[in-house]
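Encoded as structure tokens, the structure appears first; notes follow it.
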Amino acid sequence: MSPVHYQDLDHGITVIDAEIQRPGLAACYLIREGDRAAFVEAGTAHSVPGLLQVLEEKGIGRDQVDYVIPTHVHLDHAGGVGVLMEQLPQARLVIHPRGARHMIDPSKLRAGAAAVYGEEAMDRMFGPLLPVPEERVIQAGDGDSIQLNGRTLAFLDTPGHAKHHFSIVDEKGRGIFSGDTFGLSYREFDTERGAFAFPTTTPVQFDPEALHASVDRLVDRGLDFMYLTHYGRVGDLERLRREQHEMIDAFVALAREHANDGETRHGALVEGMMALLMERLQAHGCTLPEARVRELVGMDVELNVQGLEFWLDHAG
């Protein structure tokens, strides 16, 4: 078995590379409180062996994991839930009420992904999507909380990226597991100014006003960190809040500028968003070559543009 890449933070939190596409793209988190544990995010089915390996290396039995908590049901966050739950006999799945049915019966999730990627690529990218028995599912609404061996994990409804998205407040960890709501921040873009983050408008539920409100709601909790799925823990939240708001507005303005471009719209939006990110990265002090930046964010830009186009065509 190849070594899994992970980093122990403080407060019993470990960030684990979900091994999706490239190192440092997507994370899962292990929270350990005494002799009990929980996973936040499950990656894909291909991520599960690495998650189990971390448990083994830390001497945590599979029956000591109480919860698996994906922030939402997009497949880079929840695709591995069913496979992981099969290996964790005591664990319960904690999920947003809007996402629960897709974990109990993932057939629509699979069909949607297969329609986008094709069956062969679907299996290669995500692996099997297994159902979770309904009796093992906890639906966590806004303001609900659970106890991990006396450690409170509280849930905030944080739409904007997806309607079925919650974020997990961990006061002991001085932060919030924000999924995709607080954007994407790759460590390759860190400079002396700190982290660089940008919003994700991924299809098909981008709602700029809701995302603005959710970003504020997260930072207004007054904690020190966001634990991002893409990728890792970030601080300096007031600055990042301001920059998230600026870029949400810039993405919306870009979409409206090209709304009526017809067949050239998609390409114009891709290049416009890439140029916007390049400009912001340069202002942040990033010195990576343009080709490397394009390599790192190319997929995100493509997905973001698809999200903006869906929003334009349905709500914008």
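Considering only protein heavy atoms and a probe of 1.4 Å, how much of the accessible area of the range 216-255 is carbon and sulfur, as a whole percent?
Details: 650 of 1440 Å².
Carbon and sulfur together cover 45 percent of it.
In debye to the nearest 20, how big a dipole does the range 1-96 give about its Cα centre with +1 on each Lys and Arg Cβ and -1 on each Asp and Glu Cβ?
Numbers: 6 positive and 13 negative charges, 30 e Å.
That gives a dipole near 140 debye.
State the Cα centre-to-centre distance between the range 217-243 and the range 32-53 in whole Å.
What the calculation gives is 23 Å, centre to centre.
Of His77, Gly34, Val54, which is farthest towards the positive pole of the range 33-101's charge dipole, taken about the Cα centre with +1 and -1 on the beta-carbons of Lys, Arg and Asp, Glu respectively?
His77
Under 14 Å from a point placed 7 Å out from the Cα of Arg221 along the Cα-to-Cβ direction: which residues of the range 17-41 have their backbone N that close?
Under cut-off, by backbone N: 40-41.
Would you work out which of Val204, Asn260, Val132 lies farthest towards the positive end of the dipole of the chain, given +1 charges on the beta-carbon of Lys and Arg and -1 on that of Asp and Glu, about the Cα centre?
Val132
Leaving out ligands, DNA and RNA, and with a 1.4 Å probe, what % of the accessible surface on the range 45-195 is carbon or sulfur?
Values: 2830 of 5960 Å².
Here carbon and sulfur together make up 47 percent of the probe-accessible area.
With the cut-off at 1.5 for a/c, could you classify the chain from its C-alpha gyration tensor as rounded, prolate or oblate? Can you show the working numbers first?
On the way: a/c = 1.59, a/b = 1.39, b/c = 1.15.
Judged from the Cα gyration tensor, the chain comes out prolate (a/c at least 1.5, a/b above b/c).
Hey, can you find the accessible area per residue of the range 223-280 for me, probe 1.4 Å, expressed in square angstrom? Kindly include the intermediate steps, with their values, before the conclusion.
Numbers: 2520 Å² over 58 residues.
Accessible area per residue: 43 Å².
First check a/c for the range 143-230, with a ≥ b ≥ c the square roots of the eigenvalues of its C-alpha gyration tensor; if it is under 1.5, answer rounded, and if not, answer prolate when a/b is larger than b/c or oblate otherwise. If you can, show how the numbers build up before the last one.
On the way: a/c = 2.02, a/b = 1.18, b/c = 1.72.
Since a/c reaches 1.5 but b/c is at least a/b, the shape of the range 143-230 is classed as oblate.
What's the angle, to the nearest 10 degrees (0 to 90), between helix 237-257's Cα axis and the longest principal axis of the chain?
50
Just check the range 79-155 against the gyration tensor rule for me: Cα atoms, a ≥ b ≥ c as the square roots of the eigenvalues, rounded for a/c under 1.5, and otherwise prolate or oblate depending on whether a/b exceeds b/c. Kindly include the intermediate steps, with their values, before the conclusion.
Values: a/c = 2.61, a/b = 1.93, b/c = 1.35.
The shape class here is prolate.
Among the lysines, which have Cα under 29 Å from the Cα of Lys108 when same-chain residues fewer than 8 positions away are ignored?
Answer for Lys108, where 29 Å is the Cα cut-off: Lys163, listed by chain and number.
So what is the 222 nm mean residue ellipticity for the chain from helices alone, if each DSSP H run of at least 4 adds -39500 (n - 2.57) and you divide by all residues, rounding to the nearest 500 deg cm²/dmol? Working shown, then result.
Working: 10 runs with 123 residues, N = 316.
Estimated from H runs of four or more residues: -12000 deg cm²/dmol.
What net charge do the residues around Arg233 carry, taking every other residue with its C-beta under 13 Å from that of Arg233, with Lys and Arg at +1 and Asp and Glu at -1?
Working: positive: Arg174, Arg187; negative: Asp8, Asp10, Asp170, Asp190, Asp224, Asp236.
Net charge around Arg233: -4.
Calculate, in nm to one decimal, what Gln282 and Lys58 gain on full extension: separation in residues at 0.36 nm each, minus their alpha carbon distance. Please report the intermediate quantities before stating the final value.
Numbers: separation 224, 0.36 × 224 = 80.64 nm, distance 4.03 nm.
Length gained between Gln282 and Lys58: 76.6 nm.
Provide the gained length on full extension for the span Asn260 to Thr191, in nm with one decimal, where the gain is 0.36 nm per separating residue minus the Cα-Cα distance.
Working: separation 69, 0.36 × 69 = 24.84 nm, distance 3.75 nm.
Gain on stretching Asn260 to Thr191: 21.1 nm.
Roughly how big is the chain's charge dipole about its Cα centre, with Cβ charges of +1 (Lys, Arg) and -1 (Asp, Glu), in debye to the nearest 20? Intermediate results must be reported in sequence, preceding the final value.
Values: 29 positive and 49 negative charges, 96 e Å.
Approximately 460 debye in magnitude.
Quote the charge dipole size of the range 46-127 about the Cα centre in Debye, to the nearest 20; the model charges only the Cβ of Lys and Arg (+1) and of Asp and Glu (-1). List each step's numbers first, then the result.
Values: 8 positive and 10 negative charges, 66 e Å.
About 320 debye.
The values are calculated or read from the model by the stated rules, or taken from the named source; none is laboratory data. Everything numeric in this text was worked out from a predicted model, so none of it was measured. Note that we place each Cβ from the backbone using ideal geometry, even for glycine, and neighbour counts take in every protein chain shown. The protein model used for the area step is the full one, side chains on, heavy atoms only, and it has no ligands, DNA or RNA in it. Shrake-Rupley method; radii C 1.70, N 1.55, O 1.52, S 1.80 Å.
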